[in-house]
1. Could you grab me the full set of residues in the range 16-47 that are under 18 Å from SER69 (Cα atoms) and among the aliphatic types (A, V, I, L, M)?
2. Answer yes or no: is there a residue in the range 71-82 that is of a type in the set (S, T, N, Q), surrounded by 13 or more Cβ atoms within 10 Å (Cβ to Cβ) and either in contact with a helix residue (DSSP H, G or I) (Cβ under 8 Å, 6 or more places away or on another chain) or under 20 Å from PRO22 (Cβ atoms) (or both).
3. Out of (1) crowded, with 17+ Cβ neighbours inside 10 Å; (2) touching a residue at least 60 places away in the same chain (Cβ under 8 Å), what's the single condition that is false for LEU5?
4. Looking at the range 45-58, which of the residues that are touching a residue at least 12 places away in the same chain (Cβ under 8 Å) and out of contact with any Lys or Arg (no Cβ under 9 Å at 6 or more places or on another chain) is surrounded by the most Cβ atoms within 10 Å (Cβ to Cβ)?
5. Considering (1) over 11 Å from TYR76 (Cβ atoms); (2) loosely packed, with under 15 Cβ neighbours inside 10 Å, say which one PRO22 fails and leave the rest.
6. Where residues in the range 28-41 are of a type in the set (A, V, I, L, M) and under 10 Å from ALA60 (Cα atoms), which of them is surrounded by the fewest Cβ atoms within 10 Å (Cβ to Cβ)?
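Every read-out reported here was derived from the displayed coordinates using simple, explicitly stated rules and does not represent laboratory data. The structure displayed is predicted, hence computed values, not measured ones. Here the Cβ is made from the backbone with ideal geometry for all residues, glycine too, and neighbour counts use every protein chain on show.
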Amino acid sequence: MEHTLNQFEMAAQRAKNLPKRPDNNNLLLLYALYKQATVGDVEGPEPTPFDFVGKAKYDAWAKLEGTASADARQRYIDLVEKLAQS
């Protein structure tokens, strides 16, 4: 598990320096996987429909409800690796 945590931390740093900016869908997925891995299931009130960015982030995170932190970490690591090679 510690190995995965180290990989996750390295992936989080690597995500900040990807060769090109991911598209919006991948950015939302990165955000949601990171939150699910570090916080767990979505928290707080749902943003209003007029908060487009906040609502999109909330919805992306809510789709991962019930996903184990370890699974979210591994999916995050895999996604960053894929994006780094694009």
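1. So in the range 16-47, the residues under 18 Å from SER69 (Cα atoms) come out as 28-43.
Result: LEU28, LEU29, LEU30, ALA32, LEU33, ALA37, VAL39, VAL42.
2. Yes: the range 71-82 contains one or more residues that are of a type in the set (S, T, N, Q), surrounded by 13 or more Cβ atoms within 10 Å (Cβ to Cβ) and either in contact with a helix residue (DSSP H, G or I) (Cβ under 8 Å, 6 or more places away or on another chain) or under 20 Å from PRO22 (Cβ atoms) (or both).
3. (1)
4. Across the range 45-58, the extreme among qualifying residues is TYR58.
5. The one condition PRO22 does not meet is (2).
6. Taking the candidates together, the pick is LEU28.
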